[in-house]
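Quick notes on the structure that follows.
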Amino acid sequence: QVQLKESGGGLVQAGGSLRLSCAVTGNLASVNQMAWYRQSPGKRREERELVAAITSDGNTNYADSVKDRFSIFENSTKNALFLQMNRLRAEETDVYYCNAEGTIGDVYPFTNWGRGSQVTVAA
């Protein structure tokens, strides 16, 4: 499994940009997909919204609402995940979570989460 730690959140004006980072440590080879989720106030963990995902072979997937504005990418050693967020909207004020899914020994699936990073977009 892996350990995840987000950074880079903060306050930004609507229309501005932020870049979130996620430091990844542990068994990197066991990870099949990395992703960013966000959770709105009052919503349960199970209701976190997928923002963007990237598979171990580099395929990406985005929520329709963020396509052409957000970009998910990794560094070459895959021990850091990023989310570049452009033209942010006030309604995207949320806690953003780094997520990793993988398998242990190609048999046992796991899901790991970071603690989250607050993003506040001022209207």
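The values are calculated or read from the model by the stated rules, or taken from the named source; none is laboratory data. If you're wondering where the values come from, they're calculated on a predicted model, not measured in any experiment. Cβ coordinates were reconstructed from backbone atoms using ideal geometry, including for glycine residues, and neighbour counts include every protein chain displayed. For accessibility, only protein heavy atoms count, side chains too; no ligands or nucleic acids. Shrake-Rupley method; radii C 1.70, N 1.55, O 1.52, S 1.80 Å.
Go through (1) within 12 Å of the chain's Cα centre (by Cα); (2) buried (at least 19 other Cβ atoms within 10 Å of the Cβ) for Ala80 and report which single condition fails.
Checking Ala80 against (1) within 12 Å of the chain's Cα centre (by Cα); (2) buried (at least 19 other Cβ atoms within 10 Å of the Cβ), the one that fails is (2).
Might you let me know whether the stretch 106-113 holds any residue that is open to solvent by 50 Å² or more (accessible area, probe 1.4 Å), over 20 Å from Thr60 (Cβ atoms), out of contact with any strand residue (DSSP E or B) (no Cβ under 7 Å at 6 or more places or on another chain) and not acidic (Asp, Glu)?
yes
Of everything in the stretch 9-23, what is surrounded by fewer than 16 Cβ atoms within 10 Å (Cβ to Cβ) and not basic (Lys, Arg)? Give them in sequence order.
Matches in the stretch 9-23: Gly10, Leu11, Gln13, Ala14, Gly15, Gly16, Ser17, Ala23.
State all residues of the stretch 62-76 that are surrounded by 14 or more Cβ atoms within 10 Å (Cβ to Cβ) and more than 25 Å from Gly15 (Cβ to Cβ); if no residue qualifies, say none.
The answer is Glu74, and nothing else.
Could you please find all residues in the stretch 24-46 being open to solvent by 70 Å² or more (accessible area, probe 1.4 Å), under 24 Å from Gly9 (Cα atoms), not in a strand (DSSP E or B) and not basic (Lys, Arg)?
Once the filter is applied, which keeps residues that are open to solvent by 70 Å² or more (accessible area, probe 1.4 Å), under 24 Å from Gly9 (Cα atoms), not in a strand (DSSP E or B) and not basic (Lys, Arg), the stretch 24-46 yields Pro41, Gly42, Glu46.
Touching a residue at least 24 places away in the same chain (Cβ under 8 Å) and part of a loop (DSSP other than H, G, I, E, B): does that describe Gly16?
Judged against the criteria, Gly16 is a match.
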